[in-house]
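Novice: Pasting in a structure now, in structure tokens, and then I'll have a few things to ask.
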Amino acid sequence: MFSKYKKSSVATATKVRARPDTSEVKKTIAPKTVAPVESAPRTQNVNSLRRPMPTRAADPNSGEKERKRRERMQEIKLELHRGLLENLNLAALERATEAELRTEISTIAGEILEEKGIVLNREDRQQINKELYDEVTGLGPLETLLKDETVSDILVNGPQQIFVEREGKLELSEITFKDEKHLLRIIDKIVSAVGRRVDESNPYVDARLQDGSRFNAMVGPIAVDGSLVSIRKFKKDKLGIDDLVNFGAFTEEMAAYLQAAVATRLNVIVSGGTGSGKTTTLNALSSFIDNAERILTIEDTAELQLQQTHVGRMESRPPNVEGKGEVSPRDCLKNALRMRPDRIIVGETRGAEVIDMLQAMNTGHDGSMTTIHANSARDGVSRLENMIAMAGIEMPLKAVRSQISSAVNLIVQASRLQDGSRRMTSITEITGMEGDVISMQEIFRFQRTGLTPDNKIIGHFTATGVRSHYSERFKMWGFDLPSSIYEPTKPN
């Protein structure tokens, strides 16, 4: 993308497959005498994420009918789920293949429906079999959203309200849980898989799903109107610099500058608000690190997807229910310094580990990177000062600022704009101290010029006209960037 700135048929027969032998998975179902339930009406998919466009005048009673139909389907699914738990050999599930398990769940569900006199149309039966499989092996109603590639965040506000984020915008999903007990069961299933627990005495928890997605939950009594769940989905596709340039997150000239900055081992802080793309930016910047370097990463929840060969990953751990066993990010960082790293990357700096991070940047671990929560480069520096003060380190303000100015070379500001788009709104260099003040110069910025009628941001990226303070360093490392990339540009 920005290379001009870089350093010099077979046919197969169709076979009818026999049904797999799942006798080990299935147990005998004891016959029960239950009054028949009237058949459900023929309807469309219960959990369709998007409402179909009406083609005729809406029935004034259709909303109430749909609500009752959903409640009925939830009751049928709950009854079938209980039957599955009674009739599945859970110990054999781990050895069964997905096809075997789906077949067995479908068979057992069909037998229970027949036994109870419940009649479902083919579409509803297929949908309920899918949901039962998700309940047994996955995370129930959340499985559909986790598999939806367009969803980046899942936000649960109690059992009946699930919001999702698509392209930076929140929208209400039609997927719901049966009740609070159903939601709590799924939460417990997630946290118990990683050896943690959540209850009234410990009402909040952080965890990581099997696919790497970040999970946070808070239950009652702290969560007043039902348990709160937030899931930041793990992106399987690694976004590189070229991808971000194509998406309009920044320009080729900014990419060329960032390549030189990372390759020449400047210490970089990626600053931004929640959901602004800090981790994505950090992942993309890490692609410029030489494959021969030893990199150690430290995170609360492992999200970074570094592409180098020599990477050691660490994840901090909260205390157990007895208040013991905690391994803080600072503990990981102190230990990392004894493991001969070339670079240290901290997923997010938010507390006392800032002291050790700045010291690492100052003591031979050039090229280290981290992220912080701040709204601008100057706010980022102030936040570093506040974190040092909150760590209980008594240092004169001038000494604190001197430590920051000598450790940090570059602050990259990422922002999520009001239309949901994500932009690298500023690249700022820290050049030293002028008296008691940290001197900074902005090299690139995103200039907003207006708003379209559909509320899309109008703007353009531009250089500020200031030549990089590290130009000579870039040249010494073989990155002779043309002076033209520092020239301001006008909007198209």
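Novice: Looking at Glu180, is it open to solvent by 30 Å² or more (accessible area, probe 1.4 Å) and modelled with pLDDT of 85 or more? So that I can check it myself, show each step before the final result.
Specialist: Working: open to solvent by 30 Å² or more (accessible area, probe 1.4 Å): yes; modelled with pLDDT of 85 or more: yes.
Yes; evaluated as a whole, the condition is true for this residue.
Novice: Mind checking which pairs have a first residue in the stretch 233-245 that is within 22 Å of Leu146 (Cβ to Cβ) and a second that is modelled with pLDDT of 75 or more and open to solvent by 60 Å² or more (accessible area, probe 1.4 Å), Cβ under 7 Å, 6 or more apart or different chains?
Specialist: Lys238/Gln307
Novice: Which one of these is open to solvent by less than 60 Å² (accessible area, probe 1.4 Å) and touching a Lys or Arg at 6+ places or on another chain (Cβ under 9 Å): Gly367, Gly380?
Specialist: Testing whether each residue is open to solvent by less than 60 Å² (accessible area, probe 1.4 Å) and touching a Lys or Arg at 6+ places or on another chain (Cβ under 9 Å) leaves just Gly367.
Novice: Kindly provide the set of residues from the stretch 300-321 that are among the hydrophobic types (A, V, I, L, M, F, W, C) and within 21 Å of Lys235 (Cα to Cα), ordered by number.
Specialist: Of everything in the stretch 300-321, those that are among the hydrophobic types (A, V, I, L, M, F, W, C) and within 21 Å of Lys235 (Cα to Cα) turn out to be Ala302, Leu304, Leu306, Val311, Met314.
Novice: Give the number of residues within the stretch 139-177 that are charged (D, E, K, R), surrounded by fewer than 17 Cβ atoms within 10 Å (Cβ to Cβ) and under 18 Å from the mean Cα position of the chain (by Cα). Give the derivation first.
Specialist: Initial filter on the stretch 139-177 (charged (D, E, K, R)): 143, 147-149, 153, 165-167, 169, 171, 174.
Among the residues that remain, those that are also surrounded by fewer than 17 Cβ atoms within 10 Å (Cβ to Cβ) are: 147-149, 166-167, 169, 171, 174.
Retained after the next criterion (residues that are under 18 Å from the mean Cα position of the chain (by Cα)): 147-149, 166-167, 169, 171.
Final tally of qualifying residues: 7.
Novice: Just wondering, is there one or more residues in the stretch 341-362 that are over 25 Å from Arg473 (Cβ atoms), open to solvent by 30 Å² or more (accessible area, probe 1.4 Å), in a helix (DSSP H, G or I) and of a type outside the set (S, T, N, Q)?
Specialist: No.
Novice: Assigned to a helix (DSSP H, G or I) and either within 30 Å of Lys456 (Cβ to Cβ) or of a type outside the set (Gly, Ala, Ser) (or both): is that true of Ile175 in this structure?
Specialist: So Ile175 does not fit the description; no.
Novice: Still on this structure, I have one more. Would a scan of the stretch 320-338 turn up a residue that is modelled with pLDDT of 80 or more and assigned to a strand (DSSP E or B)?
Specialist: Yes, the stretch 320-338 contains a residue that is modelled with pLDDT of 80 or more and assigned to a strand (DSSP E or B).
Novice: Let me spell it out: the conditions are (1) farther than 30 Å from Asn291 by Cβ; (2) part of a strand (DSSP E or B), and Thr371 meets all of them except one. Which number is the exception?
Specialist: Failed condition: (1).
Novice: Further, regarding this structure: Out of the strands (runs of 3 or more DSSP E) lying entirely within the stretch 197-304, which hold 2 or more residues that are in contact with a Leu (Cβ under 9 Å, 6 or more places away or on another chain) and open to solvent by less than 60 Å² (accessible area, probe 1.4 Å)?
Specialist: 214-218, 228-232, 268-272, 295-299
Novice: Take the residues in the stretch 410-456 that are loosely packed, with under 13 Cβ neighbours inside 10 Å and acidic (Asp, Glu), then tell me which one is farthest from Thr264 (Cα to Cα).
Specialist: It comes out as Asp454.
Novice: Could you figure out which of (1) part of a strand (DSSP E or B); (2) open to solvent by 10 Å² or more (accessible area, probe 1.4 Å); (3) under 24 Å from Leu266 (Cβ atoms); (4) touching a Leu at 6+ places or on another chain (Cβ under 8 Å) isn't true of Gln403?
Specialist: Every condition holds for Gln403 apart from (1).
The values are calculated or read from the model by the stated rules, or taken from the named source; none is laboratory data. As the structure is a computational prediction, the values presented were derived from the model and not from experiment. Because the Cβ atoms are built from the backbone with ideal geometry, glycine has one as well, and the counts that use them run over all protein chains shown. Areas reflect the complete protein model, heavy atoms only, side chains present, ligands, DNA and RNA absent. Shrake-Rupley method; radii C 1.70, N 1.55, O 1.52, S 1.80 Å.
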